[in-house]
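Remarks on the structure that follows.
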Amino acid sequence: MIKGLYETHLYVENLENSIEFYSKVLGLKQCRFGAERRTAFFWIGEDKQAMLGLWEKPKEEIDLRHFAFECDPQWIVNESINFLKSHDLNFWNFLQDDNEKPMVFCWMPAVSIYFSDPDGHYLEFIGILPGETKSNKEKRVVTYEEWLKIKDD
């Protein structure tokens, strides 16, 4: 029945600024623009694989959302921080501990780093790591280096 999540939508204050961010900074392919309704749509990954919709609304109607972009884990570990810094993006890890490193959710396992878009929506780069999904008892969030030491426990 359900095969995956196909699309999500965000309200944005300035459609042109958001189009610039999602196309030029994040590299998403714009597939539609609705001038009358003030909307824009982007393919995420390959065309027709997944979609992001942006809807321009007044600031007071914008509620902040979170979603994650699936990325290669090694890109997140080795390049994501430099990418975020090069675009002057505010970023943080799950623990918000001022450590400028992606963190691993041991239960999944997955490595991730968070950042925000021009409207303050909470975005995330996440990469699924090899290994078994752990039970609900697994609560650790650790650096990638720590995870490499404990991943086979």
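Bear in mind these aren't lab numbers, they're just calculated from the coordinates by the rules spelled out. Please read all numbers here as calculations on a predicted model, not as lab measurements. We place every Cβ from the backbone using ideal geometry, glycine too, and count neighbours over all the protein chains shown.
Here is the P(r) of the range 1-63: all C-alpha pair distances, binned every 10 Å from 0, give 23, 51, 22, 4 in whole percents. Highest mean packing first, where packing is the average number of other Cβ atoms within 10 Å per residue, the peptides 2-11, 141-150, 70-79 line up as 70-79, 141-150, 2-11. For the cross-link pairs 29/57; 3/48; 101/149, the ones whose C-alpha atoms lie over 19 Å apart are 29/57.
The candidate values were [x] 1.13; [y] 1.41; [z] 0.95; the one computed from these coordinates for Cα Rg over 2.2 N^0.38 Å carries the label [x].
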